[in-house]
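The values are calculated or read from the model by the stated rules, or taken from the named source; none is laboratory data. Everything numeric in this text was worked out from a predicted model, so none of it was measured. Cβ placement follows ideal geometry from the backbone for every residue including glycine, while neighbour counts extend to all protein chains displayed. Heavy atoms of the whole protein, side chains included, go into the accessibility calculation; ligands, DNA and RNA do not. Shrake-Rupley method; radii C 1.70, N 1.55, O 1.52, S 1.80 Å.
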Amino acid sequence: MFDKTNSKENGLTNHANNLNRYPTPKFYFPRRYLLVIIGFLGLCMAYILRVLISTTVIDMQAQYDYSNSFKGLLLSSFFMGYLSTQLLAQPLCDKFGGKKTLLFGLTLSIVSSLFVPLAAKSKVAVVFVRVVTGITQGITYPTMNWLMSRWYPISERSSLVSKTWTGAYFGTILVDFISPLILEFLGWEKAFYIFAGSALSWTLLWAIFIKDDPKDVVIGIHPNELALINETEEKLSSEKSPLINSVQSYGSINQDNNTSDYFGSNGASIDQESPSIKGNSNIDNDVELPYFKVFKILITSRALITLLYFNLVTSWGFYLLLMWYPTWLVSVGVQTGIELSVFNALPYFISVVIASVTGMAADKLMAKGVKKIIVRKVLGALSAVLPGVFLFLIAFCKLSNKTQIAFMVIVVCSNGFSAAGSQIVTLDISPRYAGVTMGIGNFVATIPGILGPLIAGVLLEKFNSSWTQIFSMSGAFYLSGAVIWVLFASSDKVL
């Protein structure tokens, strides 16, 4: 497990070592955290708009007399649209840049969400609006992957990616906690206006501060930080830093070019520095491969095939519970209002903690010589084994309502282990084409997002509102994913 030889993985260093090797001024704010913070908020907002319907549909069903079958269709309609744009993200990013692609997609998603209350009277209209919301959000994760591969240094990638991904959990916490209270006091329609209206402020932050390449950030970036970001795994084993050791004269701004690039300590601008700190070395100097050739190479690799199977079976339970969890809570006696808010949000709060802690732990373990694949396999297995086991217990054991809720909290929060496990493998196997790997992975993962909530509605009608068949099926999927992941997962670079 522990390998002290001079390998790629042993080159990983912790944050403290990075500060020593790439010194920056005492009160300097690392610019890579702009993407962490604003990306976090973007994913938070995206998940709020995605998940809000899972709570509001309870009141919508009562008001418009939706059947459970139509309720399942409505809950899955987002994913019908979401599926359609997964594979388009990388070409869009390559043509227009990740910043514009995500800004355009999520802005349209916000606007479409404002129309849900108006469309709810017509079953066709409300499904159509949710499909449009999914279409415009489909580029989110592949585009974030495209940007993170350019902004996050390899030595901090697990922790920074995990911090960014936790925005999805935080958004789920906010919407699951606040929306039942809005429903209780203001009505379900106001929930869409409040959340979508608030999300518009994010578009300004993204438009101002995020660039496709961190060297172009509007408030400037220190050359040492840029070199840290650009350092590849191959360079990490070198103890000699090729950078400016002085941090005293980093503050000059290139006014002539109307940019905010910092100058090096020798007076030269970043564009005049040595090749080791110019551009993004995560994207090497080889000729860019055509999209379909990249797709073919990746889709035939063992690493991605394993990840696709894992995504397929684990996403079944994840998306099903994401959409039906509030309904299930009400079915086991949780009262609407503050009680529903607490239990609705609790597992996602725990997920944030798990994702943050395991992300930092993953980087530290690899810095100490633990092989990357061991870390990825352990965390991925935990994210599947725990939900599988506890779903079977809920399905077949006679448990009190409180015990069932406690077990379900474990099921839902276990997904936090995947942030530094299976989710980050899309970056491991192809940093350069991270948008393609995430697009393919999310495309496959979205299929159960469509089928899971839809089939759950049908099964609830057929089996007189029994959840046994739903949970046992999901548990079996989770456990099969864990087995395949442990046996065949790989974090080796494919392309």
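Per residue, the solvent-accessible area of the stretch 317-376 (1.4 Å probe, heavy atoms of protein chains only, all protein chains present) comes to 34 Å². Inverting the pair-averaged 1/r between distinct Cα atoms of the stretch 102-151 gives 11.7 Å as its Kirkwood hydrodynamic radius. In terms of overall dimensions, the stretch 403-461 has a Cα radius of gyration and Dmax of 15.4, 47 angstrom. In this structure, SER67 and THR468 have a Cβ-Cβ separation that, at R0 = 22 Å, corresponds to a calculated FRET efficiency of about 0.60. For the peptides 403-414, 190-201, the ranking by mean Cβ contacts within 10 Å, running from highest to lowest, is 403-414, 190-201. According to the calculation over all Cα-Cα pairs in the stretch 296-426, the P(r) per 10 Å bin from zero is 12, 38, 31, 15, 5, 0 %. Principal axis extents of the C-alpha atoms in the stretch 20-113 (largest first, rounded to whole Å): 62, 31, 22. Which of rounded, prolate, oblate describes the stretch 53-105, given a ≥ b ≥ c as roots of the alpha-carbon gyration tensor eigenvalues and a/c under 1.5 marking rounded, otherwise prolate only if a/b is larger than b/c? Cα axes put the stretch 53-105 in the prolate bin. Just how many % of Cα pairs in the stretch 189-228 lie over 17 Å apart, if you round to the nearest whole percent? Beyond 17 Å sits 50 percent of the P(r) for the stretch 189-228. An ellipsoid equivalent to the stretch 394-495, defined through the eigenvalues of its Cα gyration tensor, has semi-axes of 32, 17, 11 Å when rounded to whole angstrom and sorted largest first. Taking every pair of distinct Cα atoms and averaging 1/r, then inverting, what Kirkwood hydrodynamic radius in Å comes out for the stretch 326-375? Evaluated over the stretch 326-375, this radius sits at 13.2 Å. When both the stretch 415-470 and the stretch 304-337 are represented by their alpha-carbon centers, they are found 9 Å apart. In the stretch 342-411, one over the average inverse separation of all distinct C-alpha pairs is 13.7 Å, which is the Kirkwood hydrodynamic radius.
Taking 19 Å as the limit for the C-alpha separation, the pairs LYS26/LYS211; LYS71/LYS123; LYS402/LYS462; LYS293/LYS371 exceed it in the case of LYS26/LYS211; LYS402/LYS462; LYS293/LYS371. Counting only Cα atoms, the stretch 172-212 measures 42, 18, 10 Å along its principal axes, largest extent leading.
Taking the average, over residues, of other Cβ atoms within 10 Å as the packing measure, peptides 449-455, 82-88, 460-466 rank 449-455, 82-88, 460-466 from highest down. Electrostatic tally near ALA384: other residues with Cβ closer than 15 Å to its Cβ, Lys and Arg +1, Asp and Glu -1, net +2. Shape class of the stretch 86-238 from the alpha-carbon gyration tensor: prolate, with a/c at 1.5 or above and a/b greater than b/c.
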